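> Structure below; questions to follow.
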Amino acid sequence: MKKSIVVLASITFLLTACSNSGSETKTEATTEATTEAATEAPAEETPGEAPAATDGTVTLTGGDDMKFDLSEIKVKDGQTVKLTLVHSGKMPKTAMGHNFVLLATGVDVAKFATDAINAKDNDYIPASHKKDIIAHTKTIGGGESTTIEFKAPAKGTYDFLCSFPGHSAMMKGKFIVE
Ligand SMILES: [Cu+2]
């Protein structure tokens with residue numbers, strides 16, 4: 001009986017002590033924790049969100065599934081773009097070739113792709129559209145990669161595609177110069 005009274009007394013004392021001096025510190029602690037959580041959360045998300053590095057280095061991957069991993073590429077005005085095209089598949093160039101073609105503004109993508117079908121001898125780069133092309137890679141097959149460097153065109157939004165026959169329906173995107 002005596003023991004439980006002592007225990008009760010201690011608990012009462014602790015509770016009193018808490019409610020007296022504790023209320024202020026408790027609020028502070030909660031505020032701190034909230035602020036920390038708020039500032040930490042976005043910082044963790046940032047790396048995964050960026051589709052390309054801000055230094056103009058771009059890696060674009062296409063596989064046997066006939067898809068590019070990026071539908072949007074962003075670079076900065078005046079930057080030298082170093083673009084690496086990676087073919088992550090296993091199929092040969094003749095069956096599943098991929099390239100990257102960046103078109104000037106105002107070029108009809110569908111028309112370009114249609115004309116590219118007849119340009120097999122020139123890596124599917126139609127000579128008649130030379131002035132419509134800002135930059136392009138060679139056409140590669142599974143397991144290969146290729147890198148090109150070019151100066152980013154003027155600020156704006158441009159179309160890019162793979163000009164291998166039939167691929168541009170799936171393999172295309174926007175190249176944005178900010
Ligand atoms: Cu392709």
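> In percent, how large is the relative contact order of the stretch 66-166, given Cα pairs closer than 8 Å and 6 or more residues apart?
Computed over the stretch 66-166, the figure is 46 percent.
> Cross-link partners among lysines for K90, C-alpha distance below 17 Å, same-chain residues fewer than 8 apart left out?
K90 reaches K67.
> Can you give me the pair-distance distribution of the stretch 57-177, C-alpha pairs, 5 Å bins, whole percents?
2, 13, 24, 26, 21, 11, 3, 0
> Give K131/K174; K76/K120; K93/K151; K76/K151; K131/K155; K76/K138 a once-over and call out the pairs whose C-alpha atoms are over 21 Å from each other.
Long pairs (Cα-Cα over 21 Å): K76/K120; K93/K151; K76/K138.
Bear in mind these aren't lab numbers, they're just calculated from the coordinates by the rules spelled out. Just so it is clear, the structure is predicted and the values come from calculations on it, not from any experiment.
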